[in-house]
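Structure first, then comments.
The values are calculated or read from the model by the stated rules, or taken from the named source; none is laboratory data. Source: prediction; values computed, not measured. Note that we place each Cβ from the backbone using ideal geometry, even for glycine, and neighbour counts take in every protein chain shown.
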Amino acid sequence: MTCVGIVGGLGVDATVHYYERIAAGCKARGIVPDLVFVHADVERGQAFVRAGDLEGLAAYLAGFIERMARAGAEVAVIPAVTPHVCLAQIKPLLPVPLISIVDPLAAELRARGTRRVALFGSVYTVQASLWGLLTGVEITKPQPDEIAFIGQAYQRILDGQPSPGDADALRRIAAELQRRDGVETILIAGTDLTALFDEQSAGFPCLDVARLHIDAIVEALAKGYGEPLPS
């Protein structure tokens, strides 16, 4: 059994979602997960992002991962999309491998032969198009007013005040992206959006980025100590 360290708090609901799904995935495989958690401050993390201080964000998150490594973690996870903006900066700082949220997504899109996608998530994530980390796939940006609404709907969920009409409005945007821009799949790149719909109930072709990430985490948990881990 591999020990996985999880940087929680970015935000709390997403961390709980990961924990519940990891536990369920491990139970289905007949294993008990070996996990270490720390709690980061989402406000401080967002401040680094807003300032464009990727080195500061990387150092902040790496400090938590170092603590988890001392507690026995052999691989680390950041259960949120936006902090992966500092992926290049954080990797050299880490004492253990990081299971990136991008790698399982890229593998799934290759397997499906998907060539054009769009993102639903925070304004920063949607505007930045995963910061060039997802190669071999064209990421189509929604129109500015669509991005603004996606971000507002996402923020309302984070604030615990989702609007009853948000899910239907996002469905209309997804349909327009398909019709107007030829988008094949919408990437649900904000874990909290699962409060509105999932891959089965969305009503449009989509991939839950968190689900793919969680599947990769469960796979890592199932590995023996002598088996290779993600680099």
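The number of residues in segment 3-45 being free of Cβ contacts under 8 Å to residues at least 12 places away in the same chain and surrounded by 17 or more Cβ atoms within 10 Å (Cβ to Cβ) comes to 0. Of all residues in segment 165-177, exactly one satisfies the criterion of being within 23 Å of Trp131 (Cβ to Cβ) and either β-branched (Val, Ile, Thr) or in a loop (DSSP other than H, G, I, E, B) (or both), namely Ile173. Checking the structure you have, find out if any residue of segment 100-114 is touching a Ser or Thr at 6+ places or on another chain (Cβ under 6 Å), surrounded by 15 or more Cβ atoms within 10 Å (Cβ to Cβ) and of a type outside the set (A, V, I, L, M). Looking for residues that are touching a Ser or Thr at 6+ places or on another chain (Cβ under 6 Å), surrounded by 15 or more Cβ atoms within 10 Å (Cβ to Cβ) and of a type outside the set (A, V, I, L, M), one finds at least one in segment 100-114, hence yes.
Of the strands (runs of 3 or more DSSP E) lying entirely inside segment 26-128, those carrying at least 1 residues that are touching a strand residue (DSSP E or B) at 6+ places or on another chain (Cβ under 8 Å) and within 30 Å of Gly182 (Cβ to Cβ) are 116-120. Exactly one residue among Asp192, Asp166, Asp159 is out of contact with any strand residue (DSSP E or B) (no Cβ under 8 Å at 6 or more places or on another chain) and either under 30 Å from Ala73 (Cα atoms) or assigned by TED's automatic domain parsing to the domain that holds Ala80 (or both), and that residue is Asp192.
Condition check ((1) at pLDDT 95 or above; (2) outside the structural domain of Val75 (by TED's automatic domain parsing); (3) over 27 Å from Glu43 (Cβ atoms); (4) more than 20 Å from the chain's Cα centre (by Cα)) across all residues:
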site	(1), (2), (3), (4)
Ala118	yes, yes, yes, no
Ser122	no, yes, no, no
Leu130	no, yes, no, no
Ile150	yes, yes, no, no
Arg172	yes, yes, yes, yes
Leu196	no, yes, no, no
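Would you mind finding the one in Val85, Val117 that is surrounded by 24 or more Cβ atoms within 10 Å (Cβ to Cβ) and on the phi < 0 side of the Ramachandran plot? Answer to the selection: Val117. Is at least one residue of segment 3-25 closer than 12 Å to Val218 by Cα, part of a strand (DSSP E or B) and touching a Gly at 6+ places or on another chain (Cβ under 6 Å)? The answer is yes; a qualifying residue exists.
Among the numbered conditions (1) farther than 18 Å from Gly11 by Cβ; (2) part of a helix (DSSP H, G or I); (3) at pLDDT 95 or above, the only one that His213 does not meet is (1).
Scanning segment 69-121 for residues that are farther than 22 Å from Leu170 by Cβ and basic (Lys, Arg) yields Arg70, Lys91, Arg110, Arg115.
Residues in segment 35-73 that are charged (D, E, K, R) and modelled with pLDDT of 95 or more: Asp41, Arg44, Asp53, Glu55, Glu66, Arg67, Arg70.
Yes or no: Arg180 among the basic types (Lys, Arg), assigned to a helix (DSSP H, G or I) and buried (at least 16 other Cβ atoms within 10 Å of the Cβ)? So Arg180 fails the test.
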